[in-house]
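Report on the structure given below.
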Amino acid sequence: MIRLYDWELSVNCYKQRLLMALLEVPYEIVPVDFFPGWEHKSPEFGRINPLGHIPVLDDDGFIVRDANAILVYLATRYDPTRTWYPVADPELLALTAQWLMFSEGTTNTASAARLHDGLGYDFDVEACRAGAHRLFRVLDEHLWFGEREGRHWVCPSPHPTIADLAIFPDVALSEEGGISRVDYPAVRRWMDRVRHLPGFVGMPGISPPLATSPPSVG
Amino acid sequence: MEQSTESDICTDPVIRDQWYPLRALAELPEGATHHTRLLGVPVSCGVTRGRPWARTESAPGDGGTGALPVIDTYGYLWTSLGEPPPGVFEIPEYTEPDRRSMNAGSFIVATSAPRAVENFLDMGHFPYVHTGYLGIEPHTEVNPYDVEIIDGEIWATRCEFFQPMAAATATGGQMSKYTYRVPSPFAVMLYKSSPVDPERRDVIALLLQPMGHEQVVAHNFLCLLDDVNSDAEIKRFQQIIFAQDKPILENQIPRRLPLDPRAETPIRADHTSIVYRRHLRELGVNYGVVPA
């Protein structure tokens with residue numbers, strides 16, 4: 001059985017829960033008192049992850065940490081269609097890795113601003129917000145041109161990749177960090193497409209779509 | 001943290017004289033200093049050689065710093081900017097030996113303290129905001145209940161609501177019986193039938209630390225009957241509930257609570273909120289509200 005060391009309000013943990021829901025992979029949650037208990041910094045948790053971070057995934061004794069590494073593992077092991085992490089296509093795989101790296105940026109800016117505003121983390125929030133807007137502009141332009149070319153995901157594939165899931169919650173919760181998405185219409189349409197993926201699950205602050213609303217395209 | 005402005009300074013005596021929690025003691029390691037704001041005033045607090053303390057830092061329009069009164073109770077460090085009563089309001093359940101008491105999390109929310117109180121008092125939003133936990137369609141009806149003011153506190157009794165997962169201990173749906181209590185203008189509590197012992201009640205409080213008119217720290221205090229779940233599991237449940245409310249609170253316009261009875265159209269289910277707004281009017285509260 002897969003066990004996910006998880007905090008419900010963490011974007012990086014949610015990325016794993018979302019992928020496992022989309023892949024219909026059963027798993028157990030091990031709740032970590034990340035806030036306010038700082039359990040991830042405890043000596044006990046240090047034996048699971050010496051870096052003191054969540055998420056951590058334990059798949060029958062195989063332990064992997066770091067959000068993007070866990071996404072790579074889950075998609076490679078549990079997606080028989082090989083579309084979520086397209087290992088057979090060198091160019092598509094490289095672009096997936098490129099946009100996974102991009103998600104490090106959205107996490108360190110947009111989601112950092114959210115931790116500042118909601119939990120009082122001591123970050124330079126104006127720098128976080130400015131950095132997030134720079135990345136959102138790049139993403140919006142990329143997605144806008146993609147729509148013109150018939151590409152609906154961040155990578156040039158007819159299927160979403162783990163890069164979409166790695167970026168999605170940082171963007172979807174940005175308003176909790178004081179970052180408006182009003183100037184990014186293509187990003188909003190892309191978020192709507194992610195929310196309409198079959199099997200999609202939300203988290204507090206990210207709702208699944210109403211059953212009747214159609215996804216927006218192009 | 002946003003800088004406070006002079007306009008966030010509170011001049012209401014009734015609000016300045018209350019006790020407010022600044023930090024859960026479990027989150028204040030010996031020697032650490034926590035910097036925050038209370039009613040527009042930068043304050044800091046800590047525990048030094050086992051003794052809790054709080055003081056003002058240099059405030060706009062003030063410039064002075066000074067020691068503040070401190071109480072250590074219910075697991076929090078409390079302070080006041082005015083002349084507070086001898087003690088914080090009573091929570092007798094806190095001393096019952098088989099209860100689990102903890103701070104489930106202190107979240108900063110871009111809303112006013114009265115808006116947060118009113119949202120906590122509202123059962124009508126359960127099926128829509130806390131779907132699958134505190135409510136579920138088609139069980140949307142709020143039955144009539146009683147509201148009265150006893151010794152300056154608002155009490156709403158005979159409240160009940162169908163809840164598919166009322167607490168971390170729940171194993172199925174239940175008709176939860178609630179009592180709501182507003183023991184001070186910016187603190188709100190509920191007593192709710194426990195899934196593990198129908199004769200006793202879980203106690204949950206939302207203790208608001210107003211940082212400014214439109215920004216609060218919401219301290220989630222729990223005093224529960226639960227010998228099954230870990231602290232992490234208990235906190236997780238409460239945090240999911242609170243995090244579902246947070247975006248709703250932050251998107252309410254205006255962020256301050258309108259006290260004019262004609263400002264927002266109430267329905268029967270809002271009986272407690274009507275009494276709460278009237279109570280704030282009668283106390284002469286101007287902080288975090290749009291005065292009538």
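The values are calculated or read from the model by the stated rules, or taken from the named source; none is laboratory data. Given the structure is predicted, the values throughout are model-derived calculations rather than measurements. In this analysis, Cβ positions are derived from the backbone assuming ideal geometry, glycine residues included, and neighbour counts consider all displayed protein chains. The accessibility values were calculated without ligands, DNA or RNA, using every heavy atom of the protein model including side chains. Shrake-Rupley method; radii C 1.70, N 1.55, O 1.52, S 1.80 Å.
Reported to the nearest whole Å, the Cα centre-to-centre distance from the stretch A:82-103 to the stretch B:88-148 is 45. Between A:HIS159 and B:GLU199, the distance separating the two model label sites (each 7 Å from Cα on the Cα→Cβ line) works out to 5.9 nm. A:VAL138 contributes an accessible area of around 80 Å² to the protein surface, as traced by a 1.4 Å probe with all chains present. Model label sites at B:ARG100 and A:GLU104, defined 7 Å from Cα along the beta-carbon direction, differ in position by 3.8 nm. Taking a straight line from the alpha carbon of A:LYS15, these lysines sit under 28 Å away, with near neighbours fewer than eight places off in the same chain left out: A:LYS41, B:LYS235, B:LYS246.
Using the Cα gyration tensor of chain B, with a ≥ b ≥ c the square roots of its eigenvalues, what is the shape: rounded (a/c below 1.5), prolate (a/b larger than b/c) or oblate (neither)? Since a/c reaches 1.5 but b/c is at least a/b, the shape of chain B is classed as oblate.
Across chain B, C-alpha contacts under 8 Å between residues 6 or more apart give a mean separation that, scaled by the residue count, equals a relative contact order of 20 percent.
Pairwise inverse Cα distances across the stretch B:6-79, averaged and inverted, put the Kirkwood hydrodynamic radius at 12.7 Å. Note on the stretch B:183-248 and the stretch A:4-51: Cα centroid distance 22 Å, given to the nearest whole angstrom. From the Cα gyration tensor of chain A, with a ≥ b ≥ c the square roots of its eigenvalues, which class applies: rounded if a/c is under 1.5, or else prolate if a/b is larger than b/c, or else oblate? It is oblate, given that a/c is not under 1.5 and a/b is not larger than b/c. Think of a 1.4 Å ball rolled over the protein heavy atoms: the stretch B:92-290 then has 39 Å² of accessible area per residue. Once the C-beta distance of B:LEU283 and B:GLU30 is scaled by a Förster radius of 51 Å, the resulting FRET efficiency is 0.85 to the nearest 0.05.
Could you compute how fast the stretch A:52-118 diffuses translationally, taking Rh as the Kirkwood radius over C-alpha pairs and applying Stokes-Einstein at 37 °C with viscosity 0.692 mPa s? Give it in µm² per second. Answer from the Stokes-Einstein relation: 243 µm²/s.
All other residues whose Cβ lies under 15 angstrom from that of A:ARG151 are scored, Lys and Arg at +1 and Asp and Glu at -1, for a net of -4. With all protein chains kept in place, the per residue accessible area of the stretch A:2-78 amounts to 41 square angstrom at a probe of 1.4 angstrom. Evaluated at q = 0.17, 0.20, 0.24, 0.25 Å⁻¹, the base-10 log of the normalised Debye intensity for the stretch B:180-270, with identical point scatterers placed on the Cα atoms, takes the values -0.94, -1.18, -1.41, -1.44. Between B and A, buried accessible area summed over both sides at probe 1.4 Å, in Å² to the nearest 100? The summed interface area works out to 1600 Å². Within the accessible area of the protein assembly as shown, the carbon and sulfur atoms contribute 54%, probe 1.4 Å, all protein chains present. Compared with the dominant principal axis of the Cα atoms in chain B, helix B:271-283 is inclined by about 20°.
Each distinct pair of alpha carbons in the protein assembly as shown adds a 1/r term; the inverse of their mean, the Kirkwood radius, is 24.4 Å. Put simply, the convex hull of the Cα atoms in the stretch A:2-78 casts, on average, a shadow of 4.6 nm². Using R0 = 35 Å, the C-beta based FRET efficiency linking B:GLU90 and B:ARG49 works out to 0.75. Rolling a 1.4 Å probe across the protein heavy atoms gives the stretch B:6-79 an accessible surface of 44 Å² per residue. A crude spin-label estimate for the pair A:ILE29 and A:MET1, with each label 7 Å from Cα along the Cβ direction, gives 1.5 nm. A Förster radius of 60 Å, combined with the Cβ-Cβ distance separating B:ASP260 from A:THR81, puts the computed FRET efficiency at roughly 0.55. Are there residues in the stretch A:95-121 whose accessible area shrinks by at least 30 Å² when all protein chains are included rather than the chain by itself, and which are they (probe 1.4 Å, ligands and nucleic acids not counted)? Residues passing the criterion (a loss of at least 30 Å², heavy atoms only) are A:HIS116, A:ASP117, A:GLY118.
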